[in-house]
Amino acid sequence: MGIFFASNTASQNKLDDYEEGSWTPTYTQGNTETGSYSAREGFYMKVGSLVYCKGMITLSNRGSGSGAPGVGGLPFTIRDDINATGQEGFGMLTYWSNTNQTSNFIFWVNNNSTVVTIQKIHGTNTVTNANNGDFSNDSDLRFSVFYCAD
């Protein structure tokens, strides 16, 4: 039945889903897991279709692959409200070590996927996908991401 807000019984004003739990993040390149780990863990909270995830990955080997690095294994699929825009979510690395120290890192959500691509901000107005060379075999990453789920 759900929780209704105020006296409004309209279904769009009903909280019908709340969940929290753990998940296991992965290091990806081109949406394929390539990393091996010395530690990794994640926590999520889902309220309706809004998902908040936080986690950490400590690599023991970043592996090799093609495509931009990312974090995969999100607990719910990212939906696609505004076709192919990545506007269904956002996030960032909140701590990183053993990485390219000249960049700040943010996430681009991949619609219809459980992966977020890592992008880097360098200079005053340049954002590009990160590349495997921005990370080392012992990179330590902490992150948070918000997104809308299917």
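The values are calculated or read from the model by the stated rules, or taken from the named source; none is laboratory data. It should be emphasised that the depicted structure is a prediction, and the values quoted were computed from it without experimental measurement. In this analysis, Cβ positions are derived from the backbone assuming ideal geometry, glycine residues included, and neighbour counts consider all displayed protein chains. For accessibility, only protein heavy atoms count, side chains too; no ligands or nucleic acids. Shrake-Rupley method; radii C 1.70, N 1.55, O 1.52, S 1.80 Å.
With a cut-off of at least 1 residues that are closer than 19 Å to Phe135 by Cα, open to solvent by 50 Å² or more (accessible area, probe 1.4 Å) and modelled with pLDDT of 95 or more, name the strands (runs of 3 or more DSSP E) lying wholly within region 1-48.
Working: elements: 18-23, 26-29, 36-47.
The strands (runs of 3 or more DSSP E) meeting that bar are 36-47.
Against the conditions (1) open to solvent by 50 Å² or more (accessible area, probe 1.4 Å); (2) out of contact with any Gly (no Cβ under 6 Å at 6 or more places or on another chain), where does Ala68 fall short? Just the number, please.
(1)
I need the full set of residues from region 88-107 which are open to solvent by less than 90 Å² (accessible area, probe 1.4 Å) and among the aromatic types (Phe, Trp, Tyr), in order please. Give the derivation first.
So the first thing to find is which residues in region 88-107 are open to solvent by less than 90 Å² (accessible area, probe 1.4 Å), and the list is 88-89, 91, 93-94, 96-100, 103-107.
Correct list: Trp96, Phe105, Phe107.
With the condition kept exactly as written, say whether any residue in region 77-91 is touching a helix residue (DSSP H, G or I) at 6+ places or on another chain (Cβ under 8 Å) and either among the small types (Gly, Ala, Ser) or modelled with pLDDT of 95 or more (or both). Reasoning before the result, please.
Start the filter on region 77-91 by keeping residues that are touching a helix residue (DSSP H, G or I) at 6+ places or on another chain (Cβ under 8 Å), which leaves none.
No: region 77-91 contains no residue that is touching a helix residue (DSSP H, G or I) at 6+ places or on another chain (Cβ under 8 Å) and either among the small types (Gly, Ala, Ser) or modelled with pLDDT of 95 or more (or both).
Given (1) open to solvent by 40 Å² or more (accessible area, probe 1.4 Å); (2) assigned to a loop (DSSP other than H, G, I, E, B), where does Gly63 come up short, assuming only one miss?
Failed condition: (1).
Does Thr128 satisfy the condition of being in a strand (DSSP E or B), at pLDDT 90 or above, touching a Gly at 6+ places or on another chain (Cβ under 7 Å) and closer than 16 Å to Gln29 by Cβ? Break it down into steps so the answer makes sense when it comes.
Details: in a strand (DSSP E or B): yes; at pLDDT 90 or above: yes; touching a Gly at 6+ places or on another chain (Cβ under 7 Å): no; closer than 16 Å to Gln29 by Cβ: yes.
So Thr128 does not fit the description; no.
Is there any pair with a first residue in region 91-106 that is outside any loop (DSSP other than H, G, I, E, B) and a second that is of a type in the set (S, T, N, Q) whose Cβ atoms are under 6 Å apart and which are 6 or more apart or on different chains, and what are they?
Gly91/Ser144; Thr94/Ser144; Asn98/Ser136; Asn98/Ser139; Thr99/Ser139; Ile106/Gln119
Go through (1) in contact (Cβ under 8 Å) with a residue 60 or more places away in the chain; (2) open to solvent by less than 40 Å² (accessible area, probe 1.4 Å); (3) farther than 14 Å from Pro25 by Cβ; (4) not small (Gly, Ala, Ser) for Thr85 and report which single condition fails.
Going through the list (1) in contact (Cβ under 8 Å) with a residue 60 or more places away in the chain; (2) open to solvent by less than 40 Å² (accessible area, probe 1.4 Å); (3) farther than 14 Å from Pro25 by Cβ; (4) not small (Gly, Ala, Ser), Thr85 breaks only (1).
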